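This report refers to the structure that appears directly beneath it.
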Amino acid sequence: MSLSEQARKTISDYRKSLQDLKKSYEASEEPEKQQLWEIIKDELQDVLKKYSLNFSKEQMKIFNDPIHGHMELHPLLVKIIDTPQFQRLRHIKQLGGIYLVYPGASHNRFEHSLGVAYLAGCLVKILHDNQPELNITKQDFLCVQIAGLCHDLGHGPISHSFERRVIPEAKKIKKSKRLPDDIPENWEHEQMSVQMFDDIVKRLKAENEDVFEEHGLGDKDVTFIKELIKGAKKLEWRYEGRDEDKSFLYEIVANKHNGIDVDKWDYFARDCHHLGIRNSFDHQRLLKFARVCKVNRRKHICFRDKEADNVYDMFRTRYTLHRQAYQHKMGYIIDTMFAEALILADRDLQEGKPEDMLKISESIKTAEDYSKLTDEIFEQISSSTSDNLKEAREVLNKIIRRKLPKFVGEARLTENSMSKEELTDSWKAAVHKYEPADPTVSLSADDFSVYVVDLDHGMKDKNPIEKVFFYSKRKPNEASAIKDYQLSSFLPLRFNEELVRVYYKTTDGNKDELKKKVEEAEKCFQDWCKSKFGCL
């Protein structure tokens with residue numbers, strides 16, 4: 001008997017017992033017994049209201065999505081979707097500048113967020129239906145869905161590049177110029193997602209004070225949603241939204257334990273669809289085999305042991321997407337140029353803060369300022385006539401005209417990898433030493449840029465599947481890490497790699513001369529890779 005059949009049988013037994021109780025009480029002529037039945041009936045209605053995840057069809061709004069089909073979302077989620085803070089996501093590309101390499105990848109954070117909310121609801125409902133003992137409430141369901149909906153509110157222009165390139169570079173410039181710097185250390189978009197969600201809550205409550213209470217959500221639930229957006233990182237349970245007994249709910253939207261969450265499930269399927277890359281991972285199948293088990297005294301979402309290969313396909317898909325798209329050799333340099341344009345246009349990195357420049361890095365301080373910051377900022381820069389934005393305009397103009405740095409070469413680093421600074425110095429030395437085959441060509445080390453790109457399966461050099469817990473058909477309530485003999489022998493020995501990339505920065509000048517220089521640079525790069533600089 002399957003787990004879902006067992007759950008249905010248990011519910012059927014409860015229903016029969018209640019019907020027998022009802023008959024015996026209704027047949028009784030004693031007023032006390034009849035009153036007692038009315039009390040029991042009211043209590044049962046309250047329990048049903050709290051734990052049932054069935055919503056009236058009139059309430060739900062349907063979104064037609066190219067990835068998940070017709071998605072039903074609760075009216076409270078629709079109220080959040082209709083706020084300016086959420087609508088802002090329509091103007092932020094999911095993959096930043098990658099759409100300039102892959103023409104179909106012009107989708108936005110908006111539709112991704114809807115998909116994550118929908119999948120979060122699917123996973124919670126499956127766990128609720130298969131394991132009634134988890135006591136998943138309607139409030140739990142709504143909170144997890146809202147967290148999925150709002151998890152990406154904090155993304156800035158060019159998505160991840162804003163937090164990984166623009167903000168760190170802004171801090172570095174402020175430090176070098178001795179400008180006031182109150183940008184938080186290690187700022188991440190999740191922090192801003194929480195701020196933006198707080199702003200949405202304030203806005204909705206200003207319009208209708210009881211908007212959350214109407215659906216049974218209080219201040220504790222709002223705290224829970226914000227904790228879900230951040231994800232549970234700590235080993236000790238210090239979270240206020242829910243007790244440790246519901247720790248598994250913290251793994252649905254942002255899983256800090258092993259990286260398996262509905263956020264990835266949606267963007268893997270969505271990005272592969274728009275990029276035209278085959279997706280070998282089947283999230284629909286994994287949904288069916290999700291189950292909560294207690295492992296090391298804490299409840300985790302686990303999967304059937306026969307799904308180990310499917311789980312590995314998920315991690316492999318992540319690597320493939322990074323290798324072919326997210327870290328694409330030209331997409332990477334385009335995102336770098338977009339980040340450079342934002343830095344050049346940022347008035348807060350200049351003495352006196354010129355008014356004809358744009359407030360960018362300082363906008364992360366308030367949700368109000370940040371809500372105005374989208375990919376449309378590039379149009380503002382391009383159409384500006386300000387002299388202070390001239391350099392930023394020139395960078396964007398090069399992107400539009402495809403005047404991009406020329407890709408010279410790429411090599412995988414060995415285990416004894418070198419830092420970016422060491423590699424840059426090593427490359428400069430190789431350029432100085434190199435003697436061009438064409439005597440009319442001369443190479444200057446300052447004309448090149450060196451980048452180091454990290455690629456992995458989600459957990460740096462670790463095998464991520466070792467952090468996933470699996471249960472068997474015979475023992476559905478016991479889970480553990482998968483054994484080596486249960487995995488494919490084709491798994492890699494290493495789960496991460498570093499790539500060193502070299503680009504020729506100069507894009508102007510005679511085309512023939514430029515072509516010759518790049519050809520000589522490629523030969524120099526090959527010689528460099530053959531030498532003892534730690535590259536394969």
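The values are calculated or read from the model by the stated rules, or taken from the named source; none is laboratory data. In this text the structure is predicted, and so the values were computed from the model without any measurement. Note that we place each Cβ from the backbone using ideal geometry, even for glycine, and neighbour counts take in every protein chain shown. SASA here: full protein model, heavy atoms, side chains in, ligands and nucleic acids out. Shrake-Rupley method; radii C 1.70, N 1.55, O 1.52, S 1.80 Å.
Checked against the criterion of being touching a strand residue (DSSP E or B) at 6+ places or on another chain (Cβ under 6 Å) and polar (S, T, N, Q), region 197-208 contains not a single residue that satisfies it. Pairs meeting the criteria (first residue in region 504-523 and farther than 13 Å from Thr440 by Cβ, second residue basic (Lys, Arg), beta carbons under 6 Å, at least 6 apart or on different chains) are Tyr504/Lys406; Thr507/Lys403; Val518/Lys406. Could you count how many residues in region 223-277 are part of a helix (DSSP H, G or I) and open to solvent by 60 Å² or more (accessible area, probe 1.4 Å)? Looking only at that region, the number is 4.
Taking the criterion of being at pLDDT 90 or above, within 21 Å of Lys264 (Cβ to Cβ) and out of contact with any strand residue (DSSP E or B) (no Cβ under 6 Å at 6 or more places or on another chain), would at least one residue in region 487-495 satisfy it? Scanning region 487-495 turns up no residue that is at pLDDT 90 or above, within 21 Å of Lys264 (Cβ to Cβ) and out of contact with any strand residue (DSSP E or B) (no Cβ under 6 Å at 6 or more places or on another chain).
Can you name the helices (runs of 4 or more DSSP H) wholly within region 278-377 that have at least 2 residues being in contact (Cβ under 8 Å) with a residue 12 or more places away in the chain and open to solvent by 40 Å² or more (accessible area, probe 1.4 Å)? The helices (runs of 4 or more DSSP H) meeting that bar are 283-288, 308-321, 329-345.
Looking only at residues in region 448-486 that are in contact (Cβ under 8 Å) with a residue 60 or more places away in the chain and in a helix (DSSP H, G or I), the one that is nearest to His257 (Cα to Cα) is Lys467.
Out of curiosity, is Lys125 farther than 19 Å from Ala290 by Cα and modelled with pLDDT of 95 or more? For Lys125, the condition - farther than 19 Å from Ala290 by Cα and modelled with pLDDT of 95 or more - is not met.
Flag not set for Leu153, criterion: part of a helix (DSSP H, G or I), under 23 Å from Ile80 (Cα atoms) and at pLDDT 95 or above.
Kindly indicate whether Phe303 is closer than 27 Å to Phe495 by Cα and modelled with pLDDT of 95 or more. So Phe303 passes the test. For region 138-160, name all the residues that are open to solvent by 10 Å² or more (accessible area, probe 1.4 Å) and either basic (Lys, Arg) or in contact with a Phe, Trp or Tyr (Cβ under 7 Å, 6 or more places away or on another chain) (or both). Once the filter is applied, which keeps residues that are open to solvent by 10 Å² or more (accessible area, probe 1.4 Å) and either basic (Lys, Arg) or in contact with a Phe, Trp or Tyr (Cβ under 7 Å, 6 or more places away or on another chain) (or both), region 138-160 yields only Lys138.
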